[in-house]
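Values quoted throughout were computed directly from the atomic coordinates according to the rules given, and no laboratory measurement underlies them. Quick caveat: nothing in here was measured; it's all calculated off a predicted structure. Positions of Cβ are backbone-derived with ideal geometry, glycine not excepted, and every protein chain shown enters the neighbour counts.
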Amino acid sequence: MRLGLAMAALLLVADQASKWWVLEVLDLPTRRSLPLIEAGPLGLDLTMVWNRGVTFGLLSGEGSLNHVILAMVAAAIAVFLLRWMARAENRVVAVALGAAVGGAVGNVIDRLRFGAVVDFIDAHGWGWHWYVFNIADAGIVCGVGVLLADALFRRPPASKEAA
């Protein structure tokens, strides 16, 4: 549990610090976009997006309580993941759950503070742009990816044969 909570705290601090830097220091809402890396057809930019929905902008209603409802759903998921973390089978699962919890909490904070999630990392290649995301989103995706890999590839414990 401690390892998972440490990962959650680390990811949450990195997420909120990056969003503070993008909003307050870089002033990306005014700049809108800032190219960072161009390597042939591949690139990485900072592009300001206020995501009022969930992944890929789904459920991005304009209702006055939409952001609160989405924040409550994300908080409930974080609580579920914390309960799972308390029963984690191994350290890998605990760290993966911590990454997902830290990311979920980071995005909940945004929804409650701004009414939307601050997204700003824009990876692209060959004229195609992936969705604009943030550190919290990356933590959630990586955490879920590790959980899936663990579920698919973990070897079952050796069974004890009766003598």
Where a label projected 7 Å from the Cα of residue 90 along Cα→Cβ would reach, residues of region 1-31 with amide N under 17 Å
1, 3-4
Ratio for the chain, C-alpha Rg to 2.2 N^0.38 Å, reads 1.20
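Say a site is exposed when it is one of the trypsin sites (Lys or Arg not before Pro), sits in a DSSP loop, and has at most 12 other Cβ atoms within 10 Å; what is then the longest site-free stretch of the chain?
Details: sites that count: 32, 87, 154, 160.
That gives 88-153 as the longest site-free run.
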Angle between the chain longest axis and helix 66-86 axis [Cα atoms, degrees, rounded to 10]:
30 degrees
Estimated 222 nm signal from helices in the chain, with DSSP H stretches of n ≥ 4 weighted -39500 (n - 2.57), rounded to 500
-18000 deg cm²/dmol
With everything on Cα atoms, drop me the angle between helix 135-153 and the longest principal axis of the chain, reported from 0 to 90° to the nearest 10.
30 degrees
Quarter of the Cα convex hull surface for region 76-129, i.e. its orientation-mean projected area (nm²)
5.4 nm²
Measure nothing but the geometry: give the 0 to 90° angle between the long axis through the Cα atoms of 2-20 and the longest principal axis through the Cα atoms of the chain, rounded to 10°.
0 degrees
Roughly what would the spin-label model give for residue 126 and residue 3, points 7 Å off Cα along C-beta, in nm?
3.8 nm
